[in-house]
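**Q** I'd like to ask some things about the structure below.
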């Protein structure tokens, strides 16, 4: 990208260049320039005549080039937004998706309706976006967050500190829930659910950690293990919210009903109408 002279020229040049690799090149350019100048996107939009030079100009050019080389925008920025908050992001964790906010919305609705339910478990926390958001939204909630990746737990701890909830969160290095003792009132999990055979052809698998995507055969291996663990983790009257892949609904319904006979089990679609969340409520 040619070095521009003003903020407006920089945005125009970046927008044109990023059009080859992004469906939102204008927004991407604004975010990259704001980050490069250590300012806000609103300031960038309000000052197209400002001179763009020095370190900010160089940083902006380098950031655009990284995106053009195939690097994911959140990795270039070093953060991504989830439920109205910025979360630190590295290549060690999955980039938060809007559909995962469904788990937060459902969890918050249930926690706010039951003020005596304040022990939560976030399995496979990654960036911590689920557990940290729940803790930030419910001031007296205690959350245990697990992950099998030490690097991911470091990112999650950073985000807990950033949002002021680290005193109410514990981070445990373990596979799924390991030997954790229940019961928990709320369990949330966005586990890998992409069928392994599909991963080599997915662009996301070239940008984000394979381990955060690989759900094994048919994408159901970890979901099955998680549902099998629910009897020892979920309190009577408590809820488990698991993100699932499109088309996996019938299979995970069967798993949940087999693990907890008599539980209230349902599927919740995303905005596209695809099955996206399994809800399990343990009955007495």
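**Q** Collect the residues in segment 77-95 that are touching a helix residue (DSSP H, G or I) at 6+ places or on another chain (Cβ under 8 Å) and assigned to a loop (DSSP other than H, G, I, E, B), keeping them in residue-number order.
**A** Scanning segment 77-95 gives 78, 83, 89, 90, 91, 92, 93, 94, 95.
**Q** Could you identify the single residue in 267, 253, 278 that is in a strand (DSSP E or B) and over 16 Å from residue 121 (Cα atoms)?
**A** Going through 267, 253, 278 in turn, the sole match is 267.
**Q** For segment 99-131, what are the residues that are out of contact with any helix residue (DSSP H, G or I) (no Cβ under 9 Å at 6 or more places or on another chain) and either within 22 Å of residue 211 (Cβ to Cβ) or touching a residue at least 40 places away in the same chain (Cβ under 8 Å) (or both)?
**A** Answer for segment 99-131, where residues must be out of contact with any helix residue (DSSP H, G or I) (no Cβ under 9 Å at 6 or more places or on another chain) and either within 22 Å of residue 211 (Cβ to Cβ) or touching a residue at least 40 places away in the same chain (Cβ under 8 Å) (or both): 99, 102, 106, 110, 114, 119.
**Q** Between 199, 230, which is touching a strand residue (DSSP E or B) at 6+ places or on another chain (Cβ under 8 Å), part of a helix (DSSP H, G or I) and modelled with pLDDT under 95?
**A** Of the residues listed, the single one that is touching a strand residue (DSSP E or B) at 6+ places or on another chain (Cβ under 8 Å), part of a helix (DSSP H, G or I) and modelled with pLDDT under 95 is 199.
**Q** Tell me yes or no: at least one residue of segment 257-266 is within 28 Å of residue 92 (Cβ to Cβ) and touching a strand residue (DSSP E or B) at 6+ places or on another chain (Cβ under 9 Å).
**A** No: segment 257-266 contains no residue that is within 28 Å of residue 92 (Cβ to Cβ) and touching a strand residue (DSSP E or B) at 6+ places or on another chain (Cβ under 9 Å).
**Q** Continuing with this model, one more query. Would you check which residues across segment 222-244 are in contact (Cβ under 8 Å) with a residue 40 or more places away in the chain, surrounded by fewer than 23 Cβ atoms within 10 Å (Cβ to Cβ) and either over 20 Å from residue 274 (Cβ atoms) or more than 22 Å from the chain's Cα centre (by Cα) (or both) and list them?
**A** Result: 225, 229, 230, 232, 233, 235, 236, 237.
**Q** Among the candidates 246, 240, which residue alone is touching a strand residue (DSSP E or B) at 6+ places or on another chain (Cβ under 7 Å), modelled with pLDDT under 95, under 19 Å from residue 101 (Cβ atoms) and not in a helix (DSSP H, G or I)?
**A** After applying the criteria, what remains is 246.
**Q** May I ask you to verify whether residue 59 is assigned to a loop (DSSP other than H, G, I, E, B), over 16 Å from residue 207 (Cβ atoms) and touching a helix residue (DSSP H, G or I) at 6+ places or on another chain (Cβ under 8 Å)?
**A** no
**Q** From the list 61, 8, which residue is farther than 23 Å from residue 79 by Cα, modelled with pLDDT of 95 or more, surrounded by 15 or more Cβ atoms within 10 Å (Cβ to Cβ) and out of contact with any strand residue (DSSP E or B) (no Cβ under 6 Å at 6 or more places or on another chain)?
**A** 8
Residue-by-condition table, conditions (1) part of a loop (DSSP other than H, G, I, E, B); (2) crowded, with 17+ Cβ neighbours inside 10 Å; (3) over 16 Å from the mean Cα position of the chain (by Cα):
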site: 43; (1), (2), (3): no, no, yes
site: 71; (1), (2), (3): yes, no, yes
site: 74; (1), (2), (3): no, yes, no
site: 108; (1), (2), (3): no, yes, yes
site: 121; (1), (2), (3): no, yes, no
site: 126; (1), (2), (3): yes, yes, no
site: 131; (1), (2), (3): no, yes, no
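**Q** Oh, and also: Being closer than 19 Å to residue 137 by Cα, touching a residue at least 24 places away in the same chain (Cβ under 8 Å) and surrounded by 14 or more Cβ atoms within 10 Å (Cβ to Cβ) is the filter here, so list the residues in segment 147-169 that pass it.
**A** Selection gives 156, 157, 158, 159, 160, 162, 163, 165, 168, 169.
**Q** Would you mind stating whether residue 208 is out of contact with any strand residue (DSSP E or B) (no Cβ under 7 Å at 6 or more places or on another chain), free of Cβ contacts under 8 Å to residues at least 24 places away in the same chain and surrounded by fewer than 22 Cβ atoms within 10 Å (Cβ to Cβ)?
**A** When the stated conditions are applied, residue 208 does not pass them.
The values are calculated or read from the model by the stated rules, or taken from the named source; none is laboratory data. Everything numeric in this text was worked out from a predicted model, so none of it was measured. Neighbour counts are summed over all protein chains in view; Cβ atoms, including those assigned to glycine, are modelled from backbone coordinates with ideal geometry.
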